[in-house]
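The block underneath contains the structure these notes are about, expressed in structure tokens.
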Amino acid sequence: MSTLKITGCALMLSVSCAFSALAQGTFADKAVTRLVGSWVSPQQGRVISFTIRDGNAVFQDEVEPSVFLSGAYRQDDAGAGYVLRYQRGFECRYDVNVIGSEGDEISLRLVSSYNGQDNRFKCIQGVLKRTRQR
């Protein structure tokens, strides 16, 4: 095979890989923005707010009245829909479904969690209602 053909194949492969990575990045970015806003769990009275700050997806979770924990969230790549990583080392992996007709309700089904031996911490679960628009 000539050097020109090899170079052409290598260029096509690198463009294809770059386009695929860009498409996945765009899909993940879009998925992360679906959660932006504040959500309340009527069963637990717990409020969690998702924002994009300086290009980073971050959240704040009121785990108890006036006790806030924060962290980063992203679309998961290990079998769940989303992963929330708390600054204190807690981690919650969820499958998330939008169930409200206006996109104003989400269902968080816990796939796995890690609480770092702190039994007080529990991942938020169940149906959450949007409290504030983006």
For the stretch 117-130, pairs from a residue that is touching a residue at least 60 places away in the same chain (Cβ under 8 Å) and on the phi < 0 side of the Ramachandran plot to a residue that is in a loop (DSSP other than H, G, I, E, B) and not small (G, A, S), with Cβ under 8 Å and 6 or more apart or across chains, are I124/Q44; V127/P42; V127/Q43; V127/I99; K129/P42; K129/D104; R130/D104
- Query: Somewhere in the stretch 32-39, is a residue aromatic (F, W, Y) and surrounded by fewer than 15 Cβ atoms within 10 Å (Cβ to Cβ)?
  - Reply: no
Given the conditions (1) of a type outside the set (D, E); (2) part of a strand (DSSP E or B); (3) loosely packed, with under 12 Cβ neighbours inside 10 Å, every one holds for N119 apart from (2)
In the stretch 110-132, anything touching a Cys at 6+ places or on another chain (Cβ under 7 Å) and either under 11 Å from V40 (Cβ atoms) or not aliphatic (A, V, I, L, M) (or both) is listed as S113, C123
Within the stretch 80-116, restricting to residues that are surrounded by fewer than 17 Cβ atoms within 10 Å (Cβ to Cβ) and over 18 Å from L35 (Cα atoms), the one that is farthest from the chain's Cα centre (by Cα) is G116
When the stretch 82-110 is checked residue by residue, the ones that are under 22 Å from K30 (Cα atoms) and either touching an Asp or Glu at 6+ places or on another chain (Cβ under 6 Å) or among the basic types (K, R) (or both) are Y82, V83, R85, R93, I99, R109
Within the stretch 52-78, the count of residues that are more than 18 Å from E91 (Cβ to Cβ), among the basic types (K, R) and surrounded by 10 or more Cβ atoms within 10 Å (Cβ to Cβ) comes to 0
* For Q60, are the conditions met, namely being in the same structural domain as I124 (by TED's automatic domain parsing), in contact with a helix residue (DSSP H, G or I) (Cβ under 8 Å, 6 or more places away or on another chain) and either of a type in the set (S, T, N, Q) or modelled with pLDDT under 90 (or both)? -> no
Sole miss for D77 among (1) charged (D, E, K, R); (2) touching a helix residue (DSSP H, G or I) at 6+ places or on another chain (Cβ under 9 Å); (3) within 15 Å of L35 (Cβ to Cβ) is condition (3)
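The values are calculated or read from the model by the stated rules, or taken from the named source; none is laboratory data. Computed from a predicted model, the values in this text were never measured in an experiment. Cβ atoms come from the backbone with ideal geometry, glycine included; neighbour counts cover every protein chain shown.
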